[in-house]
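The values are calculated or read from the model by the stated rules, or taken from the named source; none is laboratory data. None of the values given here were measured: they were computed from a predicted structure. Cβ placement follows ideal geometry from the backbone for every residue including glycine, while neighbour counts extend to all protein chains displayed. Note: areas computed on protein heavy atoms with side chains; ligands, DNA, RNA excluded. Shrake-Rupley method; radii C 1.70, N 1.55, O 1.52, S 1.80 Å.
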Amino acid sequence: YPRCKATLPMAAAVAKAATQVVLPKFDVDLALDAHKRRPITFFVGVPPMFERIEKRAGETGTSLRTIRFGVAGAMPLSTASARRWEEATGGMIVEGYGLTETSPVLMGAPLSDKRRHGVLGLPFASTEVRLVDLEDPSRDVPEGEPGEILVKGPQVFEGYLDAPEESARVFTEDGWFRTGDVGVLDDGFIRMTDRKKELILSGGFNVYPSQVEEAIRGLP
């Protein structure tokens, strides 16, 4: 799991004086063996981890019912995967959203009955978010229209080390950080639709990361 994302479970465990179960690498059987020895209650990971753990637990008859909360990040979590995880654990799972440059979390769905799956969620405290025109970051887009996600907040970095030109490129003149991600405001929640900075130009066509991910998910 990326080191930048590890700050979330580490800081949360320290704040709660909780026991942390740390593994040398992610291996589904290793994770389930550790869970049997010391049943966990809170799990943070990327969507494929949740999918593989839920599937393997079903195959081995391992109970996941102690896991009350799950937070997925780094890539979209499908609503089908979220539903299977909640059925297997009896707990809740939500998505969190952020970048290395934002230490690393900006928003998330509430861990309550108000949660929604398939969304990035709501901005955290002291965090401001805008959705702007993909070509003109000075113009906010209306609800329902895709826009680049711009943010301000105490967790946003000040710039890249010894790279002033790159730093200037990712900040607007009035100090908003341009994430390069594209989102839509949907009934009060922000839903991610694509990643602008990873757009692939192929034979004159725009190929978005979500299209590539959808094709990969369709593989056996």
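Per-atom-type breakdown for segment 1-107 gives carbon and sulfur 55% of the accessible area (1.4 Å probe, protein chains only).
The accessible area of M10, taken with all protein chains in place and a 1.4 Å probe, comes to roughly 100 Å².
If you count only protein heavy atoms with a 1.4 Å probe, what accessible area per residue comes out for segment 42-90, rounded to a whole Å²? Intermediate results must be reported in sequence, preceding the final value.
Values: 2390 Å² over 49 residues.
The answer is 49 Å² per residue.
For segment 1-76, the spread of Cα positions along the three principal axes, ordered from largest to smallest, is 33, 27, 23 Å.
Do you know the relative contact order of segment 61-179, to the nearest whole percent, from alpha carbon pairs under 8 angstrom that are 6+ apart?
On the way: 194 pairs, mean separation 20.9, N = 119.
Once divided by the residue count of segment 61-179, the mean separation gives 18 percent.
Can you compute the FRET efficiency between A34 and A80 using 1/(1 + (r/R0)^6), with r the Cβ-Cβ distance and R0 = 22 Å? Round to the nearest 0.05. Efficiency computed from Cβ-Cβ geometry: 0.25.
Just need the relative contact order of the chain here, percent rounded to a whole number, with Cα pairs under 8 Å and 6+ apart.
12
Looking at the chain, identify the longest residue range that excludes and avoids all GluC sites (Glu not before Pro) in DSSP loops having at most 14 other Cβ atoms within 10 Å. Provide the component values of the computation, followed by the final result.
Numbers: sites that count: E135, E143, E158, E173.
Value returned for the longest uninterrupted segment is 1-134.
Output needed for the chain: three equivalent-ellipsoid semi-axes, defined as square roots of 5 times the C-alpha gyration tensor eigenvalues, in descending order, whole Å.
On the way: eigenvalues 205, 82, 58 Å².
Equivalent ellipsoid of the chain: 32, 20, 17 Å, largest first.
Look at the dipole of the chain built from charges on Cβ: of Q211, A31, S112, the Cα furthest out on the positive end belongs to A31.
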